[in-house]
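All remarks here apply to the structure that follows.
Read the figures in this text as sums done on the coordinates, not as results from a lab. Computed from a prediction, not measured in an experiment: that's the story for all the values here. Neighbour counts run over all protein chains shown; Cβ positions are idealised from the backbone, glycine included.
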Amino acid sequence: MFGKKRVAIVGAGLTLFRRNLKETGKELAYEASKMALDAAGMELSDIQSVVMGTAPDAFDGVHMKGEYLADGAGARNKPYVRVYVGGGTGVFTPLAGWWHVASGQFDTCLVVCEEKMSSCFPHPAYAFTTIFDNILARPLGTTLIWIFALEMHRYMHKHNIKKEQIARVAVKNKRNALDHPCAQLAANITVEDVLNSEIMCWPVQRLDISPTSDGAAALVLASEDVAKKVTDNPVWIDGVGWCIDSTIWTNRDLYYPDYVEYAARMAYKMAGIKNPPKEIDLAEPYDPFDYKELHHMEGLLLCRKGEAPKLTEEGVTARDGDLPICPSGGLLGVGNPIAAAGAMKVCEVFWQLRGEAGKRQVPGDPRTGVAQAWGDLMQYGSVIVLRR
Amino acid sequence: MSLEKITDPRRMRHWLGHMETDYRYTLGIAGERFLNEIKENARIMGARCKRCGVIYVPPKMYCEECFEKLEEWIDLGTRGEVYTYTIAYVDMDGNRLAEPVIYALITFGDAYGGLIHKLGEVKPEEVWIGMPVEAVFKPPQERKGSITDIKYFKPAQ
Ligand SMILES: [Zn+2]
């Protein structure tokens, strides 16, 4: 037993993901929160604590963004905290919600994630420039995309992976997203489309990348006694893990995310998972770029190092494959409002395990799923294991 | 929620604001010494941990692994090796660059870490992972104690 109390997810909510939404950040947080509460059959008065996850203040252009969003997340006069670990935030926030309830301090916790990236113009990429080393990297004119391109190239070089193999991830995820009602970039594209798309920073091309988005997601967490009262279908948080590597990203080998493996091992140990590919029925690894899904499948120990492209080619990771990966459509297809994107993945695993994923439902009556997010300067891993 | 698809955000009622703040980032204890060595002596230094033996480049003030203070500085020479690289065709706004720019992560022997920098005097199609490269410094009078005192790295002879 980890924690004093077992913790379940009893409701989830998700807004549309779009490039530009009219709603303010608060309004987005409200939409997702209200939907999650309705799904759980609960009122705001049933909520004892609130955890908010939202990435850099610079996206929304609101300093103290946690405080700004509090009322939209139903936190007025409640114990409330904002957590933030870059792109890892969306999965980390439910982890923080978990310890609120697992500690025995609260019976319920509303977990809300929000991002409104369209506020920052001409492009939110400008908000990213200050994440790099001010002394040694920024004077060179660092952009987000070429930093990822360096990692992607190293991964390809190490395992002799071809761009065609990586492009299959974008094709699969955008196609999966056709069945997602919130999706921003669902499409039926081919490997050739990806390979013919604009080269931004080789090997990164336009269709290798997820979009920038506005959106919010929410989850209602409850202790075992409360969960059993409000639903016949609780989904248990059976494993949590998180880990950070050095802030100097050049200190890492780049082709393999050790920090994701450490976070996964922590979560699997708690969940009693000894053979991840056998015991996990579906996974939602973080896929802001197509190669990252492969990178993270390996970090999550779902296959051997360098083996993820082969599994993708063989259809193992398709929605009806042996190990469905990103059945939601992922960030590449559904969209990438940073914190909300990670939480969208936790929502997806929740719906899949309850058999509520509609046209996206993976076959085989899944019982165990994992979601993972990744962030900061390519150094942070957060992992959650859910079971029905 | 709003269901209309908005392609031009200027159509929404909005208020324009900006966060105008400028920053002065100090180079720090290790950073100032590192860049001063480049400025004064045109050499790339690493810092060695006397407890673990790890050599950090860029040098740090402390060892991440054991928390020992790093006091031993080592001249790593001016040659390294391309660990990975990218060819940038677009700028921040997605506009095509007049000439593509090659950025690489350059490692130095057994040292832990490396430097990101531009490659010069080489065509994109001639670069390879593992390629030996050499720092090209600006003339002494133009050096300011910045990482851009190194103009770029070029293929080593
Ligand atoms: Zn040490």
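A compact table of results
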| quantity | calculated |
| --- | --- |
| Relative contact order, percent, the stretch A:250-356 [alpha-carbon distance under 8 Å, six or more residues apart] | 27 percent |
| Ranked packing of A:330-342, A:13-25, most packed first, by mean Cβ within 10 Å | A:330-342, A:13-25 |
| Nearest-ten-degree value, helix A:338-354 long axis tilted from longest Cα axis of chain A | 70 degrees |
| Viscosity 1.002 mPa s, temperature 20 °C, Stokes-Einstein D of the protein assembly as shown from Kirkwood C-alpha radius, µm²/s | 89 µm²/s |
| Choice from A:ALA137, A:ALA58, A:ALA373 with maximal GNM fluctuation in chain A (Cα, 10 Å cutoff) | A:ALA137 |
| Links that overshoot a 18 Å alpha carbon limit, given the list A:LYS162/B:LYS154; B:LYS60/B:LYS151; A:LYS65/A:LYS116; A:LYS34/A:LYS359 | A:LYS162/B:LYS154; B:LYS60/B:LYS151; A:LYS34/A:LYS359 |
| Neighbouring partner chain Cβ atoms per residue of A:26-32, average, 10 Å criterion | 1 |
| At R0 = 35 Å, FRET efficiency that the Cβ-Cβ distance of B:GLN141 and B:TRP15 yields, to 0.05 | 0.10 |
| Percent RCO, i.e. relative contact order, over the stretch B:49-157, from Cα pairs under 8 Å lying at least 6 residues apart | 24 percent |
| Shielding by partners - mean other protein chain Cβ count within 10 Å, residues of A:197-203 | 5 |
| Most fluctuating residue given options A:PRO309, A:PRO285, A:PRO122, as computed from a GNM of chain A linking Cα atoms under 10 Å | A:PRO122 |
| For the stretch A:9-59 and the stretch B:83-130, distance of Cα centres in Å | 41 Å |
| Antiparallel bridge percentage (DSSP; both residues within chain A; nearest 5) | 75 percent |
| Highest-MSF residue in chain A out of A:LYS292, A:LYS274, A:LYS65 [GNM, Cα springs under 10 Å] | A:LYS274 |
| Segments A:218-231, B:89-102 sorted - mean Cβ within 10 Å per residue, highest first | A:218-231, B:89-102 |
| Distant-in-sequence amide H partners of B:TYR62 (H built 1.01 Å from N, under 5 Å) | B:LEU70 |
| Kirkwood hydrodynamic radius (C-alpha pairs) into Stokes-Einstein, the stretch B:24-155, 4 °C and 1.567 mPa s, D in µm²/s | 82 µm²/s |
| Separation of alpha-carbon centers, the stretch A:230-308 and the stretch A:152-225, rounded to whole Å | 17 Å |
| Between the stretch A:312-368 and the stretch A:87-122, the Cα center-to-center distance that results, in Å | 20 Å |
